[in-house]
Amino acid sequence: MKGRFVIIAAAALLSSSAAQAGEYAPLDCAKAASPAEKAVCGSYALGQAEARMATLYGVSMSLVAMGQRGNIGEAQQAWIKTREACGADNACLDKVYGERIGVLDEVIRNVASHGPF
């Protein structure tokens, strides 16, 4: 019982720090409006990339210092514009998702190697 409480408390702490840092919500396919959003929602592979990228973004935002959160959030907003510029071009979308996932993976690797601890 005590272990479950610790896990729940840690999850709440992580989610609240990410929320305070500026959230990126994965695409809601029921509300997809742009050609890029519709293409992502229409492709299993791109949908998986969206889910992975959103997860990495949330984890990154919860692990880094406050100043870095602003930089990551601004980069995410710029990335969204890049994604939208792809329109319905799946190859372009695959490329930009791969690049963003690589950047966010690097953020997490950097924290793991140097640690905030």
message: Condition first: β-branched (V, I, T) and outside any helix (DSSP H, G or I). Can you find one or more residues in the range 96-114 that meet it?
response: no
message: With the condition being in contact (Cβ under 8 Å) with a residue 40 or more places away in the chain and of a type in the set (F, W, Y), I'd like the helices (runs of 4 or more DSSP H) fully within the range 23-86 carrying at least 1 qualifying residues.
response: 44-63
message: Quick check on the range 70-90. Is at least one of its residues loosely packed, with under 14 Cβ neighbours inside 10 Å, aliphatic (A, V, I, L, M), modelled with pLDDT under 95 and more than 12 Å from the chain's Cα centre (by Cα)?
response: no
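The values are calculated or read from the model by the stated rules, or taken from the named source; none is laboratory data. Since this is a predicted model, take the numbers as computed values, not measurements. Every residue, glycine as well, gets a Cβ built from its backbone with ideal geometry; the counts of neighbours run over all protein chains shown.
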